[in-house]
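First comes the structure, then the notes that go with it.
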Amino acid sequence: MRVSQTQVKAYKSCRRLYELSYVEGLKYNKSIDALETGATYHGKIEQLYKKGYFDYTGDKTDTMAFAYEKYIYPQFKVDCAEKWFEYQLNDKHTLIGKVDAIATDGLLVEHKTTSNNVGEEYIYNLQWDEQVLAYMLSHGVNEMYYTVIKKPTIRQKQNETDEEFLQRCCAWYAEDTDSKVRVFKVTRTQEELDEYKEQLIATIDEMEKCQLFYRNTTHCTCWGRRCEFSQICLNYNPKLEYVDFTKIDREQKRKELSEDELF
């Protein structure tokens with residue numbers, strides 16, 4: 001079975017979410033602002049490494065990319081950006097994914113955005129993210145870089161030009177920078193990676209055989225917003241078409257795993 005860490009996370013978070021997304025192949029048509037912001041920001045960082053500059057879009061992601069260029073870009077060099085990988089877990093399962101970049105020292109680089117201050121609590125919580133283990137395992141490393149940018153909390157004023165707003169955001173990042181822009185390393189032991197691999201294989205074995213996709217209601221609003229499947233979760237009928245969703249066959253879903261599904 002070919003799976004991404006996003007797919008595993010969905011299964012472990014809520015089996016009903018996993019069923020609707022990966023078994024039924026439903027994709028939510030409407031954009032979610034937080035995800036769209038993250039995708040645009042990631043694209044600009046990729047441009048910065050590949051072209052030496054990024055294209056302006058006239059929104060807050062411009063200021064985020066400027067902050068990255070000023071405070072993070074000089075801290076390490078990158079060999080390649082947006083690197084696809086496939087890692088054979090055993091003779092049955094393959095872990096697939098995409099890392100944001102690989103630094104010249106061989107360490108992986110992952111870019112994150114947040115709406116909160118980047119303090120010790122944020123960094124501590126990230127230590128428990130299984131994505132860290134998945135990426136390290138797939139590349140045979142025990143350390144990786146994380147870059148974090150806080151999204152601007154100030155808004156453009158009436159009669160304020162885009163350029164004026166950009167300058168004000170740059171000044172905002174210059175104040176208390178450490179709470180808004182950070183680079184740090186995450187380290188794992190080989191024992192942790194070996195244990196994670198064993199657990200991951202067991203989880204995928206379970207996913208492959210699963211026939212009971214029960215709901216985990218504690219996940220419905222865990223990101224501060226309703227799950228996008230909430231409107232059809234209780235009464236989904238596979239024979240019907242839903243305006244807000246597109247049904248994608250398994251082969252198309254597999255192809256999409258190399259695109260937006262892996263952010």
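The values are calculated or read from the model by the stated rules, or taken from the named source; none is laboratory data. Remember, predicted model here, so these are calculated numbers, not experimental data. Note: ideal-geometry Cβ built from the backbone for every residue, glycine included; neighbour counts use all protein chains shown. SASA here: full protein model, heavy atoms, side chains in, ligands and nucleic acids out. Shrake-Rupley method; radii C 1.70, N 1.55, O 1.52, S 1.80 Å.
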- Task: Could you sort out which of Lys112/Lys239; Lys9/Lys51; Lys60/Lys197; Lys51/Lys151; Lys51/Lys92; Lys70/Lys157 sit more than 31 Å apart by Cα distance in this structure?
- Result: Lys112/Lys239; Lys9/Lys51; Lys60/Lys197; Lys51/Lys92
- Query: At a probe radius of 1.4 Å, what is the per-residue accessible area of Glu110, in Å² to the nearest 10?
  - Reply: 10
- Message: 7 Å from Cα along Cα→Cβ at both Cys80 and Gln47: what's the point-to-point distance in nm?
- Response: 2.3
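Over the chain, with every protein chain in place, what whole percent of the accessible area is carbon and sulfur at 1.4 Å, could you tell me?
Carbon with sulfur: 48 percent of the solvent-accessible area.
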- What residues have an amide H closer than 5 Å to that of Gln156, excluding those fewer than 5 places away on the same chain, when H is modeled at 1.01 Å from N in the peptide plane? none
- Accessible area per residue in Å² at 1.4 Å probe, computed on the chain: 55
- Query: If you take every DSSP beta bridge whose two residues both sit in the chain, what share of them, in percent to the nearest 5, is antiparallel?
  - Reply: 70
- Note on the structure: For segment 22-176 the translational diffusion coefficient, Stokes-Einstein from a Kirkwood Rh over Cα pairs at 25 °C and viscosity 0.890 mPa s, in µm²/s, is roughly 141
- Which distance in nm do the two modelled labels at Ile123 and Asp59 give, with both placed 7 Å along the Cα-to-Cβ direction? 3.0
- Query: For log10 I(q)/I(0) by the Debye sum over Cα atoms at q = 0.08, 0.13 Å⁻¹, the listed values are [x] -0.56, -0.95; [y] -0.37, -0.97; [z] -0.33, -0.94; which was obtained by calculation from the structure presented?
  - Reply: [y]
- Message: List residues of segment 93-131, by number, whose backbone nitrogen lies under 16 Å from a label position 7 Å along Cα→C-beta of Asp178.
- Response: 117-124
- Query: Relative contact order of the chain: what whole-number percent is it, with Cα pairs under 8 angstrom and at least 6 residues apart?
  - Reply: 29
- Task: Give the calculated FRET efficiency between Glu36 and Lys185 to the nearest 0.05, with a Förster radius of 35 Å applied to their Cβ-Cβ distance.
- Result: 0.75
